[in-house]
Amino acid sequence: MVKLNLEDSYHFMYWEETKAQIANIEAEVLMIEEIGFDLESIHHMFRMAHSIKGSAVTMEYKALALLAHELESLFTVIRDGKLVCTHEITQMILEGVDGLKRLLDQAVHTGDFSELLDDLDFKALENRIRSAYSKIAPVSPSIEVVPNYEGTQKIHVKFQEDLEMIAVKVFLVCSAVAEITKVIAVYPNEFETLEDEAFKDGIMLYVDEIADYEAIKAVIFTLTDILAVNKVEPADLSGGYEVDESLGQLSVSQVTPRRDFKLSVAMDINSVRISNQKVNRLINLVGELTLDKETLLDITRQLKAAYRRDRNVQRLDDICDSIALLASELQEITLSARLIPLSIVFDKLPRMVRGIAQDTGKKIKLEIMGGDQSIDRSMIEEIADPLTHLVRNAIDHGIESAEKRRALGKPEEGKINISARQGDSQVVIEIADDGGGIDISRIKVKALTQNLISVEEAEHLTENDWLEFIFKPGFSTAAEVTELSGRGVGLDVVKSNITMINGAIDIQTIFGKGTCFTIKLPLTMAIMNVLLISEGNTIFGIPSSQILEIIRLNQLEYQSICYETPYSRMIKWEEDMIPLVSLEDIFEIKSGIQSKHRKIIVASTVDRKIAIEVSQVVGEQEVVIKSIKHLVGANAILGEIYEILGVSILGNGSLAQIIDLSKLIRF
């Protein structure tokens, strides 16, 4: 038994594949519960359990292999129609899946299952699964009579003596042959359920009669432990095989089992797995290259200004353009390697919703769309907890009980819709429920009674402003805070986690109808285009993807669209009144720049807009963002500078602070 070293490519591949196989079993079980029994799903789960068992044996993880074996046997009797897949059985399968997850996780951390086995009592779980199928006598398929299919070649494959887990080797033989021709049948059929003794005389492959036998023979011999490969005619059958001529007229559609090996098991040779550490290292190197590129471009601009007619300077300018293009393409390809689909997070939610719905006695239907949308892999762990909390919150305090929904004229089954889509260099995730919504009047009462806002200030707040209160630490309108969740309790952490990865969250709600949380995340955190702003001796950057318009106004124009109150400044932009803030005021900087014109940047955060008055616009530039989240806080080095989401070094060596627009919107 060994501890999995994820730095090692072999161990990393085993971990990735086994984790995906366990997730596939879980997804199939949940689908069966939702849409009913499906034989293809049972076949798929059987193959996954069989593969998990084989890989665990190879890695010498006996506990994991034994549990996978019990699940495999359970799937066998379900597949053969000898056991009905009831709710009790699906629950047992899910418990087995949880056990596999824990064992795989333990293999990564210590490789020692002894303490875990005592803690979870895996033996009892194995016995429960075994008792579900052990009363059913398995039918051992005969291997003495070989069917004779017309229009096929028969190829006999013999394995080395004392070979273990021969069913796995048969699987590899079939998949290898399927790469060059169609495998019509294999005998003994249902080979995945047979013990090694059943293969003492080898196997018979039935392939297309026009297939190249020599090519088939060659590809089989690329595998290990193959003793012999021979093309067999009916009169020539050896090794104890006997031909059943009565089956000679069977059509291909009658062959059992019929399987498309190429589709089900062939590996994708056009893709490769790579560890997260290597991807991060590559991203860092590309970031350094981007920084050097900007420095080179800055030097070239200065040389062109001083030596405009110098031939070598012109050549340098040309090569800089080429380097910039190559660096941008390399950056795009590298960043795409860091993107992974949101399905990694989404696929874990159905199981959680199922469990909570059972615990609360509610009927809930979960719909997920857009799991193929990708985000930076560094965000996956950060977004998992907020999504989980929002879904739990929707179930506990959003969706009403079946009785209450009936009384309100709603369907007994509540709905939670999770969707993801891409737009404007961002991924937008929506978590919507058709529950009771949020009562804004209760938010107002709570905020005023807790002295979070004065009566005078409250008169100027919009509905969106009031909804922002539920993100304040400890704020809750729930009459009873449960262990599962409390609407408001913990949402400050949700917003904190999302803004920490340069995202933003917004709420739309209709009391009595439902609530929708909208999360916007950047595709990647590493490199972005920003508009550089100069305030005194300080350089700021605003993400270009969030900028809607840059306005230059004279004093008269400014006064005609700007409105001031004792509490805030507003500006009319198109048909909207939006908040107006000044970087000089926020960061307490005196630029010293006097101008007859005002420069205002209109930007958007999720579905909210903000106008920012600035002293000087420097220009747009591509920068590498370095996070400062570990340096910010009440007791941290930089203090409570929450309006800054990161910093970047510019081509001329100066430092730019990248602004978090969501933090500029204040009451």
task: Report whether or not A656 is surrounded by 14 or more Cβ atoms within 10 Å (Cβ to Cβ), touching a Pro at 6+ places or on another chain (Cβ under 9 Å) and at pLDDT 70 or above.
output: no
message: Tally up the residues in the stretch 443-463 that are surrounded by 14 or more Cβ atoms within 10 Å (Cβ to Cβ) and within 36 Å of the chain's Cα centre (by Cα), please.
response: 1
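Give the residue, chosen from L390, L448, L408, that is assigned by TED's automatic domain parsing to the domain that holds I498 and within 21 Å of A504 (Cα to Cα). Give the steps one after another, and end with the answer.
Values: L448 fails: within 21 Å of A504 (Cα to Cα); L408 fails: within 21 Å of A504 (Cα to Cα).
Selected residue: L390, the only one of L390, L448, L408 that is assigned by TED's automatic domain parsing to the domain that holds I498 and within 21 Å of A504 (Cα to Cα).
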- prompt: Taking the condition outside the structural domain of L172 (by TED's automatic domain parsing), loosely packed, with under 14 Cβ neighbours inside 10 Å and under 26 Å from A167 (Cα atoms), does G96 pass?
  reply: no
query: For the stretch 324-348, what are the residues that are of a type outside the set (A, V, I, L, M), within 28 Å of N24 (Cβ to Cβ) and in contact with a helix residue (DSSP H, G or I) (Cβ under 7 Å, 6 or more places away or on another chain)?
result: R338, D347
- prompt: Could you give every pair whose Cβ atoms fall below 6 Å, whose first residue belongs to the stretch 364-383 and is in the same structural domain as S496 (by TED's automatic domain parsing), and whose second residue is assigned to a helix (DSSP H, G or I) and not hydrophobic (A, V, I, L, M, F, W, C), counting only separations of at least 6 or pairs across chains?
  reply: L366/P350; G371/S343; D376/R338; R377/R338; E382/N497
- line: Of those in the stretch 347-369 that are in a helix (DSSP H, G or I) and among the basic types (K, R), the residue surrounded by the fewest Cβ atoms within 10 Å (Cβ to Cβ) is R351
- prompt: Any idea which residue in the stretch 147-160 is nearest to A185 (Cα to Cα), counting only those that are at pLDDT below 80 and not in a strand (DSSP E or B)?
  reply: Y149
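The values are calculated or read from the model by the stated rules, or taken from the named source; none is laboratory data. Please read all numbers here as calculations on a predicted model, not as lab measurements. Because the Cβ atoms are built from the backbone with ideal geometry, glycine has one as well, and the counts that use them run over all protein chains shown.
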